[in-house]
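Everything on this sheet refers to the single structure shown next.
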Amino acid sequence: MSPRPRLQLAGWLLALLVVSAVVGPMLYAVDPDVLDFARAAAPPGTGHPLGTDENGRDVLARLLVGGRVSLATGAAAMLLAACLGTATGALAALSGRRVDALLMRLTDAALAVPTIFIVITVVTFFGPSVPTLIVTIGATSWMGLARLVRGELLALREQSFVEGAIALGAPPLERARRHLLPHLWPTILVNATLGMGSALLIESALSFLGLGVQPPAASWGNMLSGSQSSLYTAPWLAVFPGAMILLAVVSINLLGDALRDTLHPAE
């Protein structure tokens with residue numbers, strides 16, 4: 001499939017998920033936290049379109065609200081990672097050799113440690129919360145972008161239009177703003193989009209393990225975790241949040257791949 005149809009397909013899928021998470025809870029005005037033990041684990045169609053969970057809470061309402069948490073956490077974490085990666089890569093490329101070498105060695109060291117190990121350690125120490133997840137995931141996901149930004153800036157520095165700006169006496173900040181940063185946006189956008197899928201998976205995994213979003217607040221990960229005790233008697237409790245995670249990650253990765261092929265066709 002060519003990049004444009006893939007871009008449209010992924011964009012529509014992701015837009016559908018985002019709109020559902022933002023607008024859905026207002027249109028489907030069912031309290032996701034109301035307990036109804038008399039209707040616990042009710043199957044889909046019995047007054048609840050997607051059934052109820054083990055505590056009698058409406059699954060559809062919790063999916064919609066949980067989507068807000070999961071998608072917002074992934075997006076915010078990658079926004080932080082994009083800022084950190086861009087700043088680190090730019091500083092390394094535009095500074096002297098010593099600063100460049102130091103920052104790249106620190107980047108290599110950070111890449112050598114598994115992200116999930118760092119995130120679990122930090123969340124265990126500070127306690128599980130959405131802000132902790134965002135900061136920790138973002139602070140452990142910037143390294144790849146930093147290396148990409150550094151490489152592109154090192155190549156751009158040798159271009160004639162940058163050398164012309166230097167010859168005309170343009171200050172460093174002005175050169176970066178007008179001549180360098182505009183060329184980095186495609187790389188930053190593609191990297192952040194692809195990274196959002198990984199961030200969403202990390203949030204879901206931590207919530208599944210009880211180290212992420214804490215009940216009674218809903219997220220797709222902790223909904224999947226809560227379904228374990230009813231996996232054989234009420235399989236829809238695992239199917240629906242699992243399907244949402246899969247759909248979100250696939251659409252985000254498709255979007256990132258299509259953006260890369262569109263913005264960097266030579267690659």
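The values are calculated or read from the model by the stated rules, or taken from the named source; none is laboratory data. Worth saying up front: this structure is predicted, and the values here are computed from it rather than measured. Reconstructed Cβ throughout: ideal geometry from the backbone, glycine too, with neighbour counts over all protein chains shown.
Among (1) at pLDDT 90 or above; (2) of a type outside the set (A, V, I, L, M, F, W, C); (3) surrounded by fewer than 19 Cβ atoms within 10 Å (Cβ to Cβ), there is one condition Asp261 misses while meeting the rest; what is its number?
Failed condition: (1).
Confirm whether Leu173 is closer than 26 Å to Thr107 by Cα and modelled with pLDDT of 65 or more.
Here the answer is no, as Leu173 does not meet what is asked.
Okay, residues lined up against (1) not in a helix (DSSP H, G or I); (2) not aromatic (Phe, Trp, Tyr):
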site: Trp12; (1), (2): no, no
site: Ser20; (1), (2): no, yes
site: Pro32; (1), (2): yes, yes
site: His48; (1), (2): yes, yes
site: Thr73; (1), (2): no, yes
site: Leu84; (1), (2): no, yes
site: Ala90; (1), (2): no, yes
site: Arg98; (1), (2): no, yes
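Output the qualifying pairs, or none if there are none: Cβ atoms under 6 angstrom, residues six or more apart or on different chains, first residue in region 27-54 and β-branched (Val, Ile, Thr), second residue at pLDDT below 90.
Close Cβ pairs satisfying both conditions: Thr52/Arg39; Thr52/Ala42.
Just to be sure, is Val149 within 28 Å of Val99 (Cα to Cα), over 17 Å from the mean Cα position of the chain (by Cα) and free of Cβ contacts under 8 Å to residues at least 24 places away in the same chain? Walk me through how you get there before you give the answer.
Values: within 28 Å of Val99 (Cα to Cα): yes; over 17 Å from the mean Cα position of the chain (by Cα): yes; free of Cβ contacts under 8 Å to residues at least 24 places away in the same chain: no.
Criteria not met by Val149.
Looking at Gly212, Gly226, Gly242, which one is closer than 24 Å to Met143 by Cβ and not aromatic (Phe, Trp, Tyr)?
Details: Gly226 fails: closer than 24 Å to Met143 by Cβ; Gly242 fails: closer than 24 Å to Met143 by Cβ.
Of Gly212, Gly226, Gly242, the one residue that is closer than 24 Å to Met143 by Cβ and not aromatic (Phe, Trp, Tyr) is Gly212.
Within region 219-239, is there a residue that is modelled with pLDDT under 90, part of a loop (DSSP other than H, G, I, E, B) and surrounded by 19 or more Cβ atoms within 10 Å (Cβ to Cβ)?
Yes.
Within the set of pairs 6 or more residues apart or between chains, which connect a residue that is under 12 Å from Leu206 (Cβ atoms) and touching a residue at least 24 places away in the same chain (Cβ under 8 Å) inside region 116-144 to a residue that is in a loop (DSSP other than H, G, I, E, B) and among the hydroxyl-bearing types (Ser, Thr, Tyr) with Cβ atoms less than 9 Å apart?
Close Cβ pairs satisfying both conditions: Ile116/Thr140; Val119/Thr140; Val123/Ser129; Val130/Ser219.
Look through Leu13, Leu60 and report the one residue that is under 22 Å from Leu254 (Cβ atoms) and in contact (Cβ under 8 Å) with a residue 12 or more places away in the chain.
After ruling out the rest, the residue left standing is Leu13.
Check region 70-78 and report whether any residue there is buried (at least 19 other Cβ atoms within 10 Å of the Cβ), on the phi > 0 side of the Ramachandran plot and of a type in the set (Gly, Ala, Ser). Can you show your working first?
Within region 70-78, the first condition is being buried (at least 19 other Cβ atoms within 10 Å of the Cβ), and the residues that meet it are 70-71, 73-74, 76-78.
Now restrict to residues that are on the phi > 0 side of the Ramachandran plot: none.
The answer is no, given that none of the residues of region 70-78 is buried (at least 19 other Cβ atoms within 10 Å of the Cβ), on the phi > 0 side of the Ramachandran plot and of a type in the set (Gly, Ala, Ser).
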